[in-house]
Amino acid sequence: MTKHLNCYKPSQSSSIETTAADDDCLSQKEVHVTRKASCSRTTKETKVDSSVELDGLGRVDASTKVPFFDHMLEQLGRHSGISLEICASGDLEVDTHHTIEDVGIVLGQTLKTALADKKGVRRFASVTVPLDEAAVSVVLDLSGRPYLHYEIDYPGHPIFGSPPLDPQLLEEFWRAFTMNAAVTLHLVKLRGRNTHHIVEATFKGVAQALRNAVHIESEVLPSTKGTL
Ligand SMILES: [Mn+2]
């Protein structure tokens, strides 16, 4: 069985932004720690490459050959402000299960690697996001302890893209993401009748929660334990 996961994080050497034309700015140099990472994973079922830039502009390049899933990954990046590159090639002739789950694994690993020691992050987030008649509540803690509470059911039809996506697989995606990112994530559907809306509200909700939780707001680690 070939199974290989490689994660790469650029060196933590801080880059210093200066404005050559303005000496005053030089005394107020801003130090940015790079919060980026890339991971690759290959099995007999899938090959997934992922890059994450936490302080990016929410640019997304998602190519999983499951168009609706790409649409959701675009929501995740755009609404979190986290730039994402995800390229997956999986055994879609079986179904979309392996591809969806394995993207969750690799994306979670990439996020965890990019977060590194989590120094200064806000850590917690709680948001509710609507999409028309649907509303989904998301509670997130960058806890270092993987835990998923999943309370989302899907009425009606699957999503008839090409290939189609069984919304049941989204639970597998969020579980894989949660376990590998080592976060605590609660997803609760408050209401909703349209499957596309419910799924999209979930991705937008997690995106907004990530935007808040990864935000650097201090210079200390938000943990009395001393590690996250
Ligand atoms: Mn949509």
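Bear in mind these aren't lab numbers, they're just calculated from the coordinates by the rules spelled out. Nothing here was measured: the structure is a model prediction, and the numbers come from that model. Positions of Cβ are backbone-derived with ideal geometry, glycine not excepted, and every protein chain shown enters the neighbour counts.
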* Set the Förster radius R0 to 41 Å, insert the Cβ-Cβ distance between Arg193 and Asp55 as r into 1/(1 + (r/R0)^6), and round the FRET efficiency to 0.05. => 0.65
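How long are the semi-axes of the equivalent ellipsoid of the chain, defined as square roots of 5 times the Cα gyration tensor eigenvalues? Whole Å, largest first. Could the numbers behind the result be given before it?
Working: eigenvalues 193, 85, 56 Å².
After scaling each eigenvalue by five and taking roots: 31, 21, 17 Å.
What does the charge add up to near Leu170, with Lys and Arg as +1, Asp and Glu as -1, over the other residues with Cβ less than 12 Å from its Cβ?
On the way: positive: Arg175, Lys189; negative: Glu101, Asp153, Asp166, Glu171, Glu172, Glu200.
Around Leu170, the surrounding residues sum to -4.
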* Sequence-distant or interchain residues sharing an amide H contact under 5 Å with Tyr147, placed H: which? -> Val183, Thr184, Leu185
* **Highest-MSF residue in the chain out of Lys36, Lys189, Lys44 [GNM, Cα springs under 10 Å]** => Lys44
* Structure fact -> If one compares the long axis through the Cα atoms of helix 67-80 with the longest principal axis of the Cα atoms of the chain, the angle in degrees, nearest 10, works out at 30 degrees
* Which far-off residues, 5 or more places away or on another chain, put their amide H under 5 Å from the one on Asp61, with H placed in the peptide plane? -> Leu84, Glu85, Ile86
* To do: Based on the mean of other Cβ atoms within 10 Å per residue, sort peptides 166-176, 118-128 so the most packed one is first.
  => 166-176, 118-128
* What percent does the relative contact order of the chain come to when contacts are Cα pairs within less than 8 Å and at least six residues apart? -> 22 percent
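I want the local charge near Ser83. Using Cβ-Cβ distances under 9 Å, sum +1 for each Lys or Arg and -1 for each Asp or Glu among the other residues. Working shown, then result.
Values: positive: Lys36, Arg59; negative: Glu53, Asp55, Asp61, Glu85.
Computed value for this residue: -2.
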* To do: Return the sequence-ordered ³J(HN,Hα) values of segment 95-108 in whole Hz as given by the Karplus equation 6.51 cos²θ - 1.76 cosθ + 1.60 applied to θ = phi - 60°, using x for Gly and Pro.
  => 5, 8, 4, 5, 5, 5, 5, 6, 5, x, 4, 6, 4, x
* Asked: What angle, in degrees between 0 and 90 and rounded to the nearest 10, separates the Cα long axis of helix 169-181 from the longest principal axis of the Cα atoms of the chain?
  -> 30 degrees
* Helical contribution to [θ] at 222 nm, DSSP H n ≥ 4, -39,500 (n - 2.57), averaged over the chain, rounded to 500 -> -9500 deg cm²/dmol
* Structure fact -> Per the 1/(1 + (r/R0)^6) rule, R0 = 35 Å and r from the Cβ atoms of Ser223 and His4, FRET efficiency to 0.05 is 0.65
* Asked: Pairing the Cα long axis of helix 195-213 with the longest principal axis of the chain, what angle in degrees results, from 0 to 90 and rounded to the nearest 10?
  -> 20 degrees
* Would you order Val52, Val214, Val33 from fewest to most other beta-carbon atoms within 10 Å of each residue's own beta-carbon? => Val33, Val214, Val52
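Local charge sum around Thr128 (other residues, Cβ-Cβ under 11 Å, Lys/Arg +1, Asp/Glu -1)? Please report the intermediate quantities before stating the final value.
Values: positive: Lys189, Arg191, Lys204; negative: none.
Cβ neighbours under 11 Å give a net charge of +3.
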